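What follows is one structure encoded as structure tokens, with my remarks underneath.
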Amino acid sequence: MATKKKAAPKKKSPPPKKIIKEQPPIRIIVEVVVRFEGLSADNKFKILSVAGATEVLTGNFSYAFQRQGITILTFSIDDYIINNPPDSGSFQKDVTDPNVPQKVRLQVTAREDSPGGNGTISLKFENKDVFATPEPIPFSGGVGKINKLISLPQ
Amino acid sequence: MKKIIITVFILTTTTVSYCQFLTQSAEGKSSIPLPLNGAGIGVDIGKSEVTFGLNNYENVLSGKRKFLLGLNLSAKNSEGLANLFSSGSIVPQSDFLGFAGFSVSNNNSMIRQYNESKNVELLTNERKTKDSLFLVFKKEMKEQLFLASLKIKREIIRNEIIKEITLKIEEAKSIVPIRKYLKEFEKNGLDTFKEDLLKRFELKEKEYREEYNKVSTEYNKLINQEFDQLVSKLIPFRSTFFLLGGINARSFTRFLQLSTPDFSKSFQDTLFRGGTFGLGVNLQVKNFWLGVTYSYIQGDNFSNLKSKEYTLRTTDSSGNQTLLREKKIIAYSGKYSRVETNQLNIDLIGEFNLSDTSRLLASLYLRSSLYSRDNAYLKNYTNIGTGLYFINKKGKFLGGLYIELPDINNNFEKAKPENEINIRSPLRKLSFGIVTKFNLSSIFAWSNRPAKPD
């Protein structure tokens, strides 16, 4: 039976020398930016930036129908559609047109309920009138329609 | 009574003289005037008539309700306003009418047609395409920002600027706030960077705008085509079935016969109470309307009586004194009786565009009093006619003309003594005239203010 040889004790190595490298001093710059910009009344895209946070609000549309003997079926600005709209209302919608003035598509469909029925639409964008006078809804075959690109007031 | 009526006129005309009159009966005399907007008071000065109406027809038209209900109360002086002021003649007449019905339309179907149309699909696609263009623009702008930022030597500031502007670009929903932000961008020592970035922005903005306008032009053409096609497929339809019923009353003075020695007994105050009950149907297809009403009328032959003004003078004498008293009496003479009849009204109306500013309403109508229970007092008659009415785009009545063939069966002529009968050919009987006011009975929601002369 083989016997284990007793291992010779290890020679202790001397402790390593401490090497201190010279480094450039660390400068910590804390910059706090507080900014408040772009909040003018007529700015249709209000940008509120506080400490870097940004909120973009969309354009505000309001409308009113004057009607007699007709029913408004649909009303839309671009692809924002309101079915059976009430006689007046408002909503917010992005306007993405990069041109000046910006344009959106207005569509209205209506039906005549009684002979001689008629109606108009008034539209506002950011509280400014889009039409100088209320836009009449022309009727033919008992159906009223508006389909046009309209320039938004600046 | 006179004072009351005048007071009511003054009050109502100065306060709540808003009303729209709808259907009217065959003669255009006892009307069914209804305000469109729920409730209202109307005053017809010409007829010295005050009307109060209440109904839910507006909700029915808008599709919120299918059942229609309403009532109507009117009071007037049968002699009109002129006689009220000139002679104090008052023949008070009041009507109370109620109606109930059911209306169905294809409004919801037309709305669905719109929402499921290619037109709406194009509107959505156009928006999505433009959104994609904007996303591409944003991506390219971020690349341009990085390139422009190389002009900033200090890395820490460069990274900070990139982070700040990138946030603005990412959060913007249109190009407007980006443009505004960049133009107002101010940082010390970064003028060269700003100048370079603005140049790059303007270049990309131009490319983006060109692409945007190209997409707009393409979609504009397609949407216009699809919208026109969609509208041509919309066919408004409505059918309304209704029952109507009511009561009416009239108070007047009849001249019976000369009574001696007391002339005052020649006159008799008469109170008439009658009623009506009927049914009706209205149909609308596109720009054509058909209205039919059929009613049972418990009435009288008041319209055949002749109105005369009498002056009754009485004299009282005592010694050499004489006292004269004078009283004016408006009385109706002729054979009078209550008569039950049936009444049929039919209207067919078509509306046509004449120009961009005016429209033409063409109507055919029939007014018929049938099954008189007492032919000796009230004859049956049938009138037919046609009317052409011009209105402007805003619905204002401009004027019109009508042609009517009264009593097509000559029943009134045939009832006369043989030596007085004068039956003329239809052409010679035609009556026509210029219309400044008109009504088309039996059509619900007929909202024209004017009424055809009685």
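If the chain between B:F241 and B:K429 were fully stretched, how many nm would it gain, using 0.36 nm times the residue separation less the Cα-Cα distance? Net length gain for the segment: 64.2 nm. When you work out D = kT/(6 pi eta Rh) for the stretch B:142-240 at 25 °C and 0.890 mPa s, using the Kirkwood radius from C-alpha pairs as Rh and the Stokes-Einstein form, the result is 147 µm²/s.
With label points built 7 Å along Cα→Cβ from the Cα atoms of B:T124 and B:L364, find their separation and express it in nm. Label at B:T124, label at B:L364, 4.5 nm between them.
Computed from the Kirkwood radius of its Cα pairs, the Stokes-Einstein diffusion coefficient for the stretch B:204-315 at 4 °C and 1.567 mPa s stands at 60 µm²/s. Rounded to 0.05, the FRET efficiency of the B:K153 and B:E207 pair, given R0 = 35 Å and the Cβ-Cβ distance, is 0.75.
Across peptide A:96-103, the average count of Cβ atoms from other chains found within 10 Å of a residue's Cβ is 6. Counting, for every residue in A:74-82, the Cβ atoms of other protein chains within 10 Å of its Cβ and taking the mean gives 4. Projecting label points 7 angstrom from Cα along Cα→Cβ for B:E418 and B:L324 puts them 5.0 nm apart. Rolling a 1.4 Å probe over the protein heavy atoms leaves B:L71 with an accessible area of roughly 60 Å². For the stretch B:178-281, applying the loop criterion from DSSP together with a ceiling of 15 other beta carbons within 10 Å to the trypsin sites (Lys or Arg not before Pro) yields B:K187.
B:F272 to B:D356: FRET efficiency via 1/(1 + (r/R0)^6), r the Cβ-Cβ distance, R0 45 Å, to the nearest 0.05?
For R0 = 45 Å, the calculated efficiency reads 0.30.
Working note: Karplus 6.51/-1.76/1.60 with θ = phi - 60° gives the stretch A:143-149 the couplings 10, x, 8, 9, 8, 7, 8 Hz, where Gly and Pro are set to x. When B:K379, B:K138, B:K163 are compared by accessible surface with a 1.4 Å probe, the order from highest to lowest is B:K163, B:K379, B:K138.
Of the whole protein surface, B:Y296 contributes about 80 Å² of accessible area at a 1.4 Å probe radius. Extent of the stretch B:325-417 along its three principal axes (Cα atoms, max minus min coordinate, largest first): 59, 44, 23 Å.
Summing both sides, how much accessible area is buried between A and B? Use a 1.4 Å probe and give Å² to the nearest 100.
The A and B chains share an interface burying roughly 4900 Å².
Mean partner shielding of peptide B:208-218, defined as the number of other chain Cβ atoms within 10 Å of each residue Cβ, is 2. Packing here is the average count of other Cβ atoms within 10 Å per residue, and on that basis the peptides A:98-105, B:385-392, A:113-120, A:87-94, highest first, run A:113-120, B:385-392, A:98-105, A:87-94. Using a simple spin-label model with pseudo-atoms 7 Å out from Cα toward Cβ, B:N224 and A:T133 lie 2.5 nm apart.
Using a probe of 1.4 Å on the protein chains alone, the accessible area found for B:E171 is around 70 Å². Size of the stretch B:253-412 from its Cα atoms: along the principal axes, largest to smallest, the extents are 82, 39, 27 Å. On the accessible surface of the stretch B:252-353, probed at 1.4 Å, how many percent belong to carbon and sulfur atoms? Roughly 54 percent of what the probe reaches on the stretch B:252-353 is carbon or sulfur.
The values are calculated or read from the model by the stated rules, or taken from the named source; none is laboratory data. Just so it is clear, the model here is predicted, and its values are computed rather than measured. Note: ideal-geometry Cβ built from the backbone for every residue, glycine included; neighbour counts use all protein chains shown. When the accessible area is computed, the model is the full protein with side chains, heavy atoms only, and any ligands, DNA or RNA have been set aside. Shrake-Rupley method; radii C 1.70, N 1.55, O 1.52, S 1.80 Å.
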